[in-house]
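The values are calculated or read from the model by the stated rules, or taken from the named source; none is laboratory data. Since the model is a prediction, treat every value here as computed from it, not as a measurement. Neighbour counts are summed over all protein chains in view; Cβ atoms, including those assigned to glycine, are modelled from backbone coordinates with ideal geometry.
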C-alpha cells in the first residue's frame, strides 16, 4: 500500500472475503485503518505501521494473534469488538505502551483478565464486556489514572462482574477520571434528561456507575459521596442493607439514582433535596420509613419511586404521616373522649345552675308572697294596675 496513506476508511461497505495477504501498512505516518461494519472473515491482520485499527462488526474468527503487541506496538486505538474471536487475551498487549482505546467486547474470549495493566498509563477506555471472561478483576487496573470508561458487564467475573459477591469496598481504587463503571448483569443504555450516553463516538457527558443485578451486600459506603462528578448511580437488585448515607446530598450532579430492590432501611436523608438535577429516582422495594422529603425536585416524583416501602408516608403516597405516629390512634381516642367528657360536664353544670336559679328565684318571690300578706296585696294591686294600663292603650 502507499506509504503516504494517513487514513483509510472503508467501513459500512458490505465488503466480504478475507484480507489479501499482500495488504500491509508500513507507513511511517502511522495511518488510521477502518474496516468496521463489513463481512470480512479470517484472522486479525498484523499491520505494524498503523496507529488505529477499527475492525468492529465483522466475521473475524480465531484467536487474537499472540504477538500482536510486538508487531503493532505503535497502536493507539484498537477495536475488535463484535466478531467471533475466541481464546485468551494475549499477554503481549501490555507492550503497546501508548494504547488509549481498547475494545474487545462482544466476542467469545475466555480465561482471566491478565494482570498486565501497570505500564499502560495512556489507557482511557477499556471495554471487555459480553465475553466469557472469568476470575478476578486485576488490581493493576487501579494504576490506570487516566481511565475514563471501564466496561466489564456480561462476563463471569468474581468480585465485580456478573457474579459479584461481597460488599462495596470503601476504596476499591483511585481512578479520578473514571466516568463509566459498568459491571451490571446486562448493559443498560442510560437516558439522562433525553441524552443517550454513547461513549464510542464521543466522551460521555456524565459519570456513570452501574453495579445492578449482582449479589452485593453490606451498606452503601459514605465515601461514595466523594464522587462529586457522578451523574448516574445504579445499585438496584442487590442485597444492600443499612441506611442511605446522610451525606449523599453532596452528589449535586446526580441525575439518576436507582437503589431499588434491596434491603435498605431508615429514612430518606433530607440532604437528598440538595440534588436539584435529580430527574430519575427509584427507591422502591426496600425497608425505608419516615416522611418523604417535599423540597425541590421531590415534588416531581410519583409514587412508583417509593412503592414497596411500608414505612414511608407523605406525598405522593396516599399514606398520611400523622396517622403513622406511634400511639396516635390511642391519643386521638383519648383526646376525643376527654373533649366529649368536658362537654358533658359543662352541659350538666349549665342545667344545674339554671335549675338552682329557677328554684331560688321562685321561692324568693313566691315564698315572700305566701309569707307576707302586705307584699301579697301590693303584688296583686301592681298586676291589676298593669292590666288597666294595657287595656287603656289598646285601640
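Some points to look at:
- Residue within the stretch 125-140 that is in contact (Cβ under 8 Å) with a residue 60 or more places away in the chain and in a strand (DSSP E or B) present: yes
- Qualifying position, being over 22 Å from residue 226 (Cβ atoms) and at pLDDT below 85, among 166, 135, 111: 135
- One residue alone among 14, 29, 58, 38 is surrounded by 19 or more Cβ atoms within 10 Å (Cβ to Cβ) and more than 23 Å from residue 93 (Cβ to Cβ), and that residue is 38.
- Odd one out for residue 97 among (1) surrounded by 15 or more Cβ atoms within 10 Å (Cβ to Cβ); (2) outside any strand (DSSP E or B); (3) at pLDDT below 95: (1)
- Matching entry among 248, 208 (being within 21 Å of residue 297 (Cα to Cα), at pLDDT below 80 and either touching a strand residue (DSSP E or B) at 6+ places or on another chain (Cβ under 7 Å) or not in a loop (DSSP other than H, G, I, E, B) (or both)): 208
- Among (1) part of a helix (DSSP H, G or I); (2) within 24 Å of residue 57 (Cα to Cα), the one test that residue 111 misses: (1)
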